[in-house]
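First up is the structure itself, then whatever we jot down about it.
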Amino acid sequence: MKEYKVGVVGATGMVGQRFVSLLENHPWFRLAALAASPRSAGKTYEEAVGARWAMPTPMPGEAKKMVVMDAADVAAVAAKVDFVFCAVDMKKDEIKALEEAYAKAECPVVSNNSAHRFTPDVPMVVPEINAEHIEVISAQRARLGTKRGFIAVKSNCSLQSYVPALHPLMRDYGVSKCLVCTYQAISGAGKTFETWPEMVDNCIPYIGGEEEKSEKEPLKLWGHIENGQIVPADKPSITAQCLRVACSDGHMAAVFVSFDKKPTMEEIKEKWAAFSGPAQELKLPSAPKQFLHYFEEADRPQTKLDRNLENGMAVSIGRLRPDTQYDYKFVCLSHNTPRGAAGGAVLLAELLAAEGYMG
């Protein structure tokens, strides 16, 4: 695999910091540009971030002295890189315009933002689940008038725990309906306990826009390409409730599910244990060797113990048992910043590179 020069647009925020951290010593990708708002532009990355560095590992040396560029200076940033990761904090229409500007500058964009998730010809991909959706990029390029440039996005962090657990069960058993309650860490809001002291010993039963994303985005993941667009699936029916809880990292989900053809508990566990996807088959650098891990212990998975499983890129499942209203219920856990945010975007970029879209 060739080495790709990579930029991070929105580099000073928490997800941007995670991108910078994940790119250190990456076997395929080399950090070549950092971009952020005008107030950070012209400063070194170390100066721009300062005490706001929130990662558990030190700021990479290659990034510290790199001068931050203005994210709005699209031509200058695009000239330095082969593609960019985007994690900006802007209004939705501004994000859409910025990402399209990069794509039209023939600079592919792999985005952590939600702005383009429901643009019909923009693939929203979890590489283990719907890698084939990247084939819609040819139609998107035709619309944008580009040869190299395109936008690809990752799905919302709340989905990353329960959708991977449901996916291996759908073909043989048909998931008919699902109720999910998510318990989401504060880093999903770009916060730490130092910056959000109100969350200590607290739970907030509302995360703006999260329930709609949690109900609708899975249907796009399970959709199909038709006439140059991704047509969302019409089932299963999903209802969600999303809570912010006093954990630093890790999103947990309590899942209740019914099937068209009810499997046994052993059949479900066998499907989970055997499941792998293109990310594993292609041996992508960031892919977990075992995507889904089932714990037989009654008190697992636990956020503090299990969120970093396989570098935070695997999904933990436990407490599978019959339910009185649905067929079964179980609990899932994923790390919201590696798998759920920057790590999922890096894995998507690896898939796109392996399949020749970054050439």
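The values are calculated or read from the model by the stated rules, or taken from the named source; none is laboratory data. Worth saying up front: this structure is predicted, and the values here are computed from it rather than measured. With ideal geometry, Cβ positions are generated from the backbone for all residues, glycine too; neighbour counts draw on all protein chains shown.
Worth a mention:
- Looking across region 193-241, just one residue is of a type in the set (S, T, N, Q) and at pLDDT below 95, and that is Thr195.
- Some residue of region 61-79 being touching a residue at least 60 places away in the same chain (Cβ under 8 Å), in contact with a Pro (Cβ under 9 Å, 6 or more places away or on another chain) and within 24 Å of Ile151 (Cβ to Cβ): yes
- Selection count where residues are within 30 Å of Asp260 (Cα to Cα), of a type in the set (A, V, I, L, M) and out of contact with any Ser or Thr (no Cβ under 6 Å at 6 or more places or on another chain), scope region 177-210: 1
- Some residue of region 225-240 being closer than 25 Å to Pro338 by Cβ, within 19 Å of the chain's Cα centre (by Cα) and surrounded by fewer than 20 Cβ atoms within 10 Å (Cβ to Cβ): no
- Tally, over region 22-54, of residues that are under 25 Å from Gly356 (Cα atoms) and in a helix (DSSP H, G or I): 2
- Pairing each residue of region 247-271 that is over 27 Å from Glu211 (Cβ atoms) with any residue that is in a helix (DSSP H, G or I) and modelled with pLDDT under 95, provided the two are 6+ apart or on different chains, yields no C-beta distance under 7 Å.
- Scanning region 55-71 for residues that are of a type outside the set (Val, Ile, Thr) and in a loop (DSSP other than H, G, I, E, B), we see that the one that is surrounded by the fewest Cβ atoms within 10 Å (Cβ to Cβ) is Pro56.
- Members of region 80-131 that are among the small types (Gly, Ala, Ser) and surrounded by fewer than 23 Cβ atoms within 10 Å (Cβ to Cβ): Ala97, Ala101, Ala105, Ser114, Ala131
- The residue that is nearest to Trp28 (Cα to Cα), counting only those in region 328-351 that are touching a Phe, Trp or Tyr at 6+ places or on another chain (Cβ under 8 Å) and crowded, with 18+ Cβ neighbours inside 10 Å, is Glu350.
- Number of the exception - Asn311 against (1) over 26 Å from Lys177 (Cβ atoms); (2) surrounded by fewer than 17 Cβ atoms within 10 Å (Cβ to Cβ); (3) over 16 Å from the mean Cα position of the chain (by Cα); (4) of a type outside the set (Ser, Thr, Tyr): (3)
- For region 10-54, a residue qualifies if it is over 23 Å from Asp249 (Cα atoms), touching a residue at least 60 places away in the same chain (Cβ under 8 Å) and surrounded by 21 or more Cβ atoms within 10 Å (Cβ to Cβ), and exactly one does: Phe29.
- Single residue of region 259-275 satisfying the filter (in contact with a Leu (Cβ under 9 Å, 6 or more places away or on another chain) and of a type outside the set (A, V, I, L, M, F, W, C)) that is surrounded by the fewest Cβ atoms within 10 Å (Cβ to Cβ): Glu267
- For region 89-102, the condition holds for at least one residue, the condition being that it is basic (Lys, Arg), within 26 Å of Ala189 (Cβ to Cβ), assigned to a loop (DSSP other than H, G, I, E, B) and without any contact (Cβ under 8 Å) to a residue 24 or more places away in the chain.
- Members of region 184-201 found to be over 17 Å from the mean Cα position of the chain (by Cα) and buried (at least 18 other Cβ atoms within 10 Å of the Cβ), listed by number: Lys191, Met199
- Applying the criterion of at least 2 residues that are farther than 28 Å from Lys104 by Cα, touching a strand residue (DSSP E or B) at 6+ places or on another chain (Cβ under 8 Å) and of a type in the set (A, V, I, L, M, F, W, C) to the strands (runs of 3 or more DSSP E) found wholly in region 135-248 leaves 175-184, 237-245.
- Residues of region 233-265 that are charged (D, E, K, R) and in contact with an Asp or Glu (Cβ under 7 Å, 6 or more places away or on another chain): Lys262 alone.
- Criterion applied to Ile134, Ile129 was being touching a residue at least 60 places away in the same chain (Cβ under 8 Å) and over 14 Å from the mean Cα position of the chain (by Cα), and the one residue passing it is Ile134.
- Enumeration of residues in region 276-289 that are under 25 Å from Phe330 (Cα atoms) and surrounded by fewer than 15 Cβ atoms within 10 Å (Cβ to Cβ): Lys289
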